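Trainee: Encoded as structure tokens, here's the structure I'll be asking about.
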């Protein structure tokens, strides 16, 4: 029996120590926001934070985690940068199919945690491990910059029409 | 409704406008397999259909359900049922906007639901069934979904006016409520639902004048964004059921090979493994979790019967296909005039590779089969086909098959197939518990239903100015349509998809002959729809060839295209817009930097892409910038239009730069993202999208960017290097500046130092 700290909660899990964290999260604990994309750390869909550092949970043996704190997409919004990134993702309306976006948001949040105002090169370095087959990269870049600076530099989507106009 | 000044359209008028829209938008080309009969028989209707009462009853039995799309509950909930599936293309948002515009509600006031399987209630006009594909969803539902919203609004207004004893024409609607300003009364839709539900359906309804649109044409946030940024959206792979087990599968790696035997003991020895079973061609290990199942599968030494493809290679396929293109008997898709005797002849051969879809969400299906029911949870573009195959495999009648459609983590055409569902049902019927079958990425790529390879022979006879007097194309490849919808093939056996964007081009070319040579792939090499379908294939060959003709004529590729577009103002406008926005002909570009133009009219839209690329001395290609000009007619959501064109273009550029599926010993050689590469953030250029505003009927969007990408890139590479690419993906060895270049560090220098592809 292993003890895991996930999103501030302690979980006792009866799994083999070589089982990747991804499948413990998804199939044992029941947190399905973290996604399976490749299984070989090539696509980043499974990115979570381990003590704030972005890691690919599909290749991370659960037995190696020890007491480190796991944060997933379900709780990253409780951190200041996680909340900023999620809001920027909404303002820029980044998502398409959305399947990779958990991992994108986890990578982007970790980037802002390290580098408050990332350059294009910083964004490339931090985000090139996350594949998006819908290719939402243009808006991901814009959303990261917006989350960092608060400055709007791309077509902003409206939540709905202003009150009273749909007649 | 005082603003609604438009004349009352009758049902007949609406149908007429629908017909006209379909003709205008060229839907009759690739995906219309109902022939020339006009309106499809199984298709959505703005009013209640037989079967709708049952569907509404199963959907919470709301008091007000005037058609298959709108459910208003007494508590005020407004639920919209989506005839198309959401796979990233923002169709849930677009369809909600069309309904909500006429219904008089905001997108923050509605919830969306996936539709249950029903061709009758949710069939897409033009496709004749409940199918999401071919960039048809907006084009084909635009009149009907607006009318559906108007029907509901009319009934809610009638209910309020009756209660208030006022003339309905003195009432207005606004954000889910009816108002009577003179008396200051208001009633929410929820409070009117019971009364409205008892009213007869109106024969005639008034659609809003487009100038009064409040939602349509605005950049609205997607209705699915909020959950997707929190990881809260349930995709098929996220389904969890009580007692559910999880299966990892391996099908015979050799295409069309079969299962022979296996000793299952090594798998059963692994903790967490529950069952080892097989189907005709697949071994499945079922476990308490995916890791146990996958480890169990890896422990097995499966014996396969490799079958007739055991020695098959890509080169064999290529050679046979080339022979067909050269010598095969063709079907003439179009012939106008005769090939001139004199003139200068230009001929080129273009080849396109097989491609995998590689949706981010690997294929998966969850199935629970009991003696009298088969329940399926899956993200599919073809829910009725899922019912059909499950019925065949289980022997249960169609009414015993329950399909819960889920959000799709990408489709790109892959989820127009049911092979993974068939496999999962065949597995699930052997066990007593619900089972979720998940394909590894390796399985997903090795058993994709690939975009077919193509071999195209293009010829032009040009006049003294270099303009084409005659254009001929002999294109050959496997037929997707012929397998997927054989009834849609032409009477002469023509696959209309195979020649799309060739039989109609933007240009004024007086004489033409377009031929298709059917070349079936070996059994087991099943070819499938891939984003952009026929246009993605033909626009690469054709627009590369037009660029060649311009070069041979000594003309600027922009000027050359302009000279052929004098009778086509819409396409000329997108061409000119793209050229102006990128500054064509302005400052000279640095060495080995070039811009390439591609123009096309795919899916009822007009699009021009100009790609600016740099080619390093070592032959690496860096995308610097892309500008797209688009005429898609009436815009629904201008934010998602931009997103679709950006993403679609990059999807096409990704394939052109990196992607090819090859075979060795009858098996697909690629297996995961390390050897089936995709565009990443560091390789992504700026992509500008400029939209032409007009009031033409809506055009398709989901595939437009993809279809126009590869030729723009190839033409840019030609402009940068003088090397014409006749084959995809880009072969970097052809682009090396000279032998010395390879002595230097690869990718050492690009303009921005970050975007080496």
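Trainee: From the list B:619, B:594, pick out the single residue that is at pLDDT 95 or above, over 28 Å from the mean Cα position of the chain (by Cα) and assigned to a strand (DSSP E or B). Spell out how you get there, then give the answer.
Mentor: Numbers: B:619 fails: assigned to a strand (DSSP E or B).
Every option except B:594 fails the conditions.
Trainee: In segment B:226-242, which residues are outside any helix (DSSP H, G or I) and more than 7 Å from every other protein chain (Cβ to nearest Cβ)?
Mentor: Step one: filter segment B:226-242 for residues outside any helix (DSSP H, G or I), giving B:229-235, B:239-242.
Listed by number, the residues that qualify are B:234, B:239, B:241, B:242.
Trainee: Can you tell me which residues in segment A:35-49 are under 15 Å from residue A:129 (Cβ atoms) and within 14 Å of the chain's Cα centre (by Cα)? Give the steps one after another, and end with the answer.
Mentor: Here is the first cut: in segment A:35-49, the residues under 15 Å from residue A:129 (Cβ atoms) are A:35, A:37-49.
Of everything in segment A:35-49, those that are under 15 Å from residue A:129 (Cβ atoms) and within 14 Å of the chain's Cα centre (by Cα) turn out to be A:35, A:37, A:43, A:44, A:45, A:46, A:47, A:48, A:49.
Trainee: For segment B:263-371, please list each of the strands (runs of 3 or more DSSP E) lying entirely inside it that holds at least 1 residues being outside the structural domain of residue B:675 (by TED's automatic domain parsing) and buried (at least 20 other Cβ atoms within 10 Å of the Cβ).
Mentor: Working: elements: B:273-278, B:282-287, B:303-305, B:331-336, B:344-352, B:364-370.
The qualifying strands (runs of 3 or more DSSP E) are B:273-278, B:282-287, B:331-336, B:344-352, B:364-370.
Trainee: In this structure, does residue A:51 turn out to be modelled with pLDDT of 95 or more and away from every other protein chain (no Cβ under 12 Å)?
Mentor: Working: modelled with pLDDT of 95 or more: yes; away from every other protein chain (no Cβ under 12 Å): yes.
In short, yes.
Residue-by-condition table, conditions (1) within 24 Å of residue A:107 (Cα to Cα); (2) out of contact with any strand residue (DSSP E or B) (no Cβ under 9 Å at 6 or more places or on another chain); (3) surrounded by fewer than 24 Cβ atoms within 10 Å (Cβ to Cβ):
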site: B:598; (1), (2), (3): no, no, no
site: B:606; (1), (2), (3): no, no, no
site: B:611; (1), (2), (3): no, no, no
site: B:628; (1), (2), (3): no, no, no
site: B:635; (1), (2), (3): no, no, no
site: B:692; (1), (2), (3): no, no, yes
site: B:695; (1), (2), (3): no, yes, yes
site: B:700; (1), (2), (3): no, yes, no
site: B:706; (1), (2), (3): no, yes, no
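Trainee: At pLDDT below 50, at positive phi and away from every other protein chain (no Cβ under 14 Å): is that true of residue B:35 in this structure?
Mentor: Against the criterion (at pLDDT below 50, at positive phi and away from every other protein chain (no Cβ under 14 Å)), residue B:35 qualifies.
Trainee: Of the conditions (1) within 19 Å of residue B:234 (Cα to Cα); (2) surrounded by fewer than 16 Cβ atoms within 10 Å (Cβ to Cβ); (3) in contact (Cβ under 8 Å) with a residue 60 or more places away in the chain, residue A:45 fails just one. Which one is it?
Mentor: (2)
Trainee: Okay, moving on. Kindly list the number of the only condition in (1) buried (at least 24 other Cβ atoms within 10 Å of the Cβ); (2) touching a residue at least 60 places away in the same chain (Cβ under 8 Å); (3) within 9 Å of another protein chain (Cβ to nearest Cβ) that fails for residue A:132.
Mentor: The number of the failed condition is (2).
Trainee: Give all pairs with beta carbons closer than 8 Å in which a residue from segment B:671-685 that is within 16 Å of residue A:127 (Cα to Cα) meets a residue that is buried (at least 19 other Cβ atoms within 10 Å of the Cβ) and modelled with pLDDT under 95; count only pairs at least 6 apart in sequence or on separate chains.
Mentor: Between residues of segment B:671-685 that are within 16 Å of residue A:127 (Cα to Cα) and residues that are buried (at least 19 other Cβ atoms within 10 Å of the Cβ) and modelled with pLDDT under 95, the close pairs are B:679/B:757; B:682/B:755; B:682/B:756; B:683/B:755; B:683/B:756; B:683/B:757; B:684/B:755; B:685/B:755.
Trainee: While we're on this one: For segment A:39-79, name all the residues that are more than 22 Å from residue B:228 (Cβ to Cβ) and assigned to a helix (DSSP H, G or I).
Mentor: A:59, A:62, A:63, A:64
Trainee: Still on this structure: Looking at segment B:390-415 only, could you name the residues that are surrounded by fewer than 23 Cβ atoms within 10 Å (Cβ to Cβ) and out of contact with any strand residue (DSSP E or B) (no Cβ under 9 Å at 6 or more places or on another chain)?
Mentor: B:392, B:395, B:397, B:398, B:399
Trainee: Please list, ordered by residue number, the strands (runs of 3 or more DSSP E) wholly in segment B:152-225 having 1 or more residues that are within 10 Å of another protein chain (Cβ to nearest Cβ). Working first, answer last.
Mentor: Working: elements: B:172-174, B:177-180, B:185-188.
In segment B:152-225, B:172-174, B:177-180 are the strands (runs of 3 or more DSSP E) which contain 1 or more residues that are within 10 Å of another protein chain (Cβ to nearest Cβ).
Trainee: Under 7 Å by Cβ, and 6 or more places apart or on different chains, what pairs join a residue from segment B:308-332 that is over 23 Å from residue B:256 (Cα atoms) with one that is surrounded by fewer than 15 Cβ atoms within 10 Å (Cβ to Cβ)?
Mentor: Listed pairs, sorted by first residue: B:331/B:492; B:331/B:493.
Trainee: Mind checking which residues of segment A:70-86 are facing another protein chain (nearest Cβ under 9 Å) and touching a residue at least 24 places away in the same chain (Cβ under 8 Å)?
Mentor: Pass one, segment A:70-86, residues facing another protein chain (nearest Cβ under 9 Å): A:72-74, A:76-77, A:85-86.
Scanning segment A:70-86 gives A:72, A:73, A:74, A:76, A:85.
Trainee: Moving to a separate point now. Return the only residue of A:108, A:148, A:125, A:121 being in a helix (DSSP H, G or I) and under 15 Å from the mean Cα position of the chain (by Cα).
Mentor: On the way: A:148 fails: under 15 Å from the mean Cα position of the chain (by Cα); A:125 fails: under 15 Å from the mean Cα position of the chain (by Cα); A:121 fails: under 15 Å from the mean Cα position of the chain (by Cα).
One residue alone meets the criteria, A:108.
Trainee: In segment B:372-405, which residue that is in a loop (DSSP other than H, G, I, E, B) and over 19 Å from residue B:243 (Cβ atoms) is nearest to the other protein chains (Cβ to nearest Cβ)? Before you say what the answer is, go through the steps one by one.
Mentor: Residues of segment B:372-405 that are in a loop (DSSP other than H, G, I, E, B), as a first pass: B:372, B:379-382, B:395-397.
Then keep just the ones that are over 19 Å from residue B:243 (Cβ atoms); that gives B:379-382, B:395-397.
On the way: B:379: 9, B:380: 14, B:381: 12, B:382: 17, B:395: 31, B:396: 29, B:397: 33 Å.
Checking each candidate, the answer is B:379.
Trainee: Another question, if that's okay. From the set of residues in segment A:18-42 that are over 17 Å from residue B:363 (Cα atoms) and more than 7 Å from every other protein chain (Cβ to nearest Cβ), which is surrounded by the fewest Cβ atoms within 10 Å (Cβ to Cβ)?
Mentor: This residue is A:18.
Trainee: Can you find, within segment A:87-115, the residue that is nearest to residue B:380 (Cα to Cα) among those that are facing chain B (nearest Cβ under 9 Å) and surrounded by fewer than 24 Cβ atoms within 10 Å (Cβ to Cβ)?
Mentor: Within segment A:87-115, the match that is nearest to residue B:380 (Cα to Cα) is A:90.
Trainee: Here's something else I'd like to know. I want to confirm something. Restricting to segment B:678-695 and keeping residues that are in contact with a helix residue (DSSP H, G or I) (Cβ under 7 Å, 6 or more places away or on another chain) and assigned to a loop (DSSP other than H, G, I, E, B), which single residue is farthest from the other protein chains (Cβ to nearest Cβ)?
Mentor: Going through the qualifying residues, I end up with B:695.
Trainee: Also, I was wondering about something else. Restricting to segment B:650-677, give me the number of residues that are part of a helix (DSSP H, G or I) and more than 8 Å from chain A (Cβ to nearest Cβ). Give the derivation first.
Mentor: First, the residues of segment B:650-677 that are part of a helix (DSSP H, G or I): B:650-658.
This time we only want the ones that are more than 8 Å from chain A (Cβ to nearest Cβ), so: B:652-653, B:655-658.
Total meeting the criteria: 6.
The values are calculated or read from the model by the stated rules, or taken from the named source; none is laboratory data. None of the values given here were measured: they were computed from a predicted structure. All Cβ positions, glycine included, derive from the backbone under ideal geometry; neighbour counts span all protein chains shown.
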